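Working notes, beginning with the structure itself.
We did not get these values from a lab; they are worked out from the coordinates using the rules stated. Keep in mind that this is a model prediction, so the values were computed, not measured. Glycine also receives a Cβ, built like all others from the backbone with ideal geometry; neighbour counts cover every protein chain displayed.
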Amino acid sequence: MPKKSKAMYGITRIDDYICNSHAWRVSLRRQNVMHVKNFPDKTLGGKGKALAAAKVYRDEIVEKYPPTTRQEMCKITRSNNNSGYPGVYSYAKSYKLKNGHIKELRYWEAHWPGEKPGTFEKVTFPIQQYGEEKAKKLAIAARKAGVAKLKGVFWASERGVKPK
């Protein structure tokens with residue numbers, strides 16, 4: 001699938017020949033709200049004028065509701081989170097010893113996006129070394145420090161940034 005240009009960010013074409021419906025559609029999600037509006041060719045005086053109107057509307061939405069920043073995205077707590085802190089979780093790792101016994105080590109881990117898209121950073125704190133409470137506190141502090149360094153907008157919104 002070809003990459004969409006920045007000029008067409010949030011805009012798609014609707015050509016329904018059965019219903020004779022031809023329009024441009026603006027569809028953007030901002031702060032978890034969908035903004036959707038159609039711009040019909042027939043009503044607006046042709047395909048070119050409809051596209052121009054769609055771009056004006058899209059630009060108004062982008063201006064009024066800026067894209068989510070990477071730091072804002074990292075504050076969202078997922079439904080499967082059980083620590084109360086986004087990107088911080090505990091887990092256990094099992095090891096089989098030479099004598100056949102299973103040993104389980106538990107950790108608190110902090111996880112956050114890396115500098116480059118698709119990468120991430122993480123740090124683990126063994127509960128055996130730090131204790132439950134301290135390991136969790138260290139993971140929370142590491143996550144906060146990692147997220148504080150993030151710059152820019154969430155990758156899915158990069159094309160929706162208004163040029164300065």
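Loop-located trypsin sites (Lys or Arg not before Pro) in the range 90-150 (DSSP state not H, G, I, E or B) with no more than 10 neighbouring Cβ atoms inside 10 Å: Lys98. With each label modelled as a point 7 angstrom along the Cα→C-beta vector, the Arg29-Glu72 pair spans 1.4 nm.
How big is the charge dipole of the chain about its Cα centre, in debye rounded to the nearest 20, if each Lys and Arg gets +1 on its Cβ and each Asp and Glu gets -1 on its Cβ?
Using only the charged Cβ atoms, the result is roughly 300 debye.
By how many nm would the segment from Lys64 to Glu133 grow when fully extended, if each residue of separation counts as 0.36 nm and the alpha-carbon distance is taken off?
On the way: separation 69, 0.36 × 69 = 24.84 nm, distance 4.26 nm.
Gain in length upon complete extension: 20.6 nm.
In the range 1-97 the Cα-Cα distances spread across 10 Å bins starting at 0 as 13, 30, 23, 15, 11, 6, 2, 0 percent of all pairs. Axis of helix 47-64 versus longest Cα principal axis of the chain: the two differ by about 40°, to the nearest ten degrees.
Each of Ser21 and Ala148 was given a label point 7 Å from its Cα along the Cα-to-Cβ line. The distance between the two points is 5.1 nm. Note on Cα extents along the principal axes in Å: of the candidates (i) 52, 33, 26; (ii) 78, 37, 25; (iii) 45, 34, 27, the value calculated from this structure sits at (ii).
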